[in-house]
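The values are calculated or read from the model by the stated rules, or taken from the named source; none is laboratory data. Here the structure is a predicted model, which is why all the values come from computation and not from measurement. Here the Cβ is made from the backbone with ideal geometry for all residues, glycine too, and neighbour counts use every protein chain on show.
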Amino acid sequence: MEFWQEFLATSSGQEFVAGGIGGMAGVIAGHPLDTIRIHIQQPKALPMISTSMADISQRINALGGLSAFFKGMGPPLASIAVQNAVAFSTYDHFLRTLWGKTDDPPPYRRVAMAGFGAGLIQTAILTPVELVKIRLQLSTSVPQSRIGPLDVVRSIFRLEGLPGLYRGLGITILRDAPAFALYFSSNEYTLEWLHPGCRKSKENSLLTSFIAGGVAGITSWIICYPPDVIKSRLQAQGAPGSSSKYTGIIDCLRKSIKEEGCTVLWRGLGTAVVRAFIANAALFTARDISLRFMPKERKAASP
């Protein structure tokens, strides 16, 4: 009990807990649209097959019903508390290291640098989670499929060993490190724009947090979307009904553009943007609500 009281008295400890709670809210709010996005990003079986959000939604519903939209939510929901807790507490630690312990808000470039570091670190947790999630989401394309998270993990271990769980780590780093730099800096910028002085006073409305979180989600997803398409295709290899046609990042990029044109790198962006706003607005709002229930005096963690 004494440990938790000390832990929650630190800024990193509070960000760890609040970030985890916010992450779970974001997963629940955004997962149905995430399932649609993953399906849209996959190679077309036939050129005439529509990849519109409405048509993909109808196909998913026809194959698995409403529950199919929540397929694969278990792994990210089970791990998001740790993943986001690591991301937000790491961001807080990097920011204090880069800017010190002054009362003045850090420059946006320092915020971006801290976000870059947090994005890099959290890929160690995110990569295997997203691999399992994507395999489960795409298993809806196999009628009567009853595949669960443990089935996917066992299959990967049997065929590829532990390294198989980190398929796509390189492209995940290329996607998330710059995306998190923009994610945190755009959130801070939007907060200040909507509520001048709130970065210094640490006081803003929940509506401000909601809007700023949504804007942060949109801006970061726009910059990271092409790498995300490549990541989804690489990690989908091995899912039921998918083929192993890519040998790596460059090979996947080259073949995808050759077969489907440069626009393939932006296919599904509209769905991703809508999901990004909803999920990240929920995340930052839940995070801020959680922080309001924690001790008011936040001290820096001991080095």
Criterion violated by T285 - all others in (1) of a type outside the set (F, W, Y); (2) without any contact (Cβ under 8 Å) to a residue 60 or more places away in the chain; (3) on the phi < 0 side of the Ramachandran plot satisfied: (2)
Can you report the number of residues in segment 222-279 which are of a type outside the set (F, W, Y), closer than 30 Å to S209 by Cα and without any contact (Cβ under 8 Å) to a residue 60 or more places away in the chain? 7
Restricting to segment 58-74, what's the tally of residues that are within 24 Å of I218 (Cβ to Cβ) and modelled with pLDDT under 85? 4
Considering segment 168-223, residues that are assigned to a helix (DSSP H, G or I) and in contact with a Cys (Cβ under 6 Å, 6 or more places away or on another chain), and then whichever is nearest to R267 (Cα to Cα), we arrive at R175
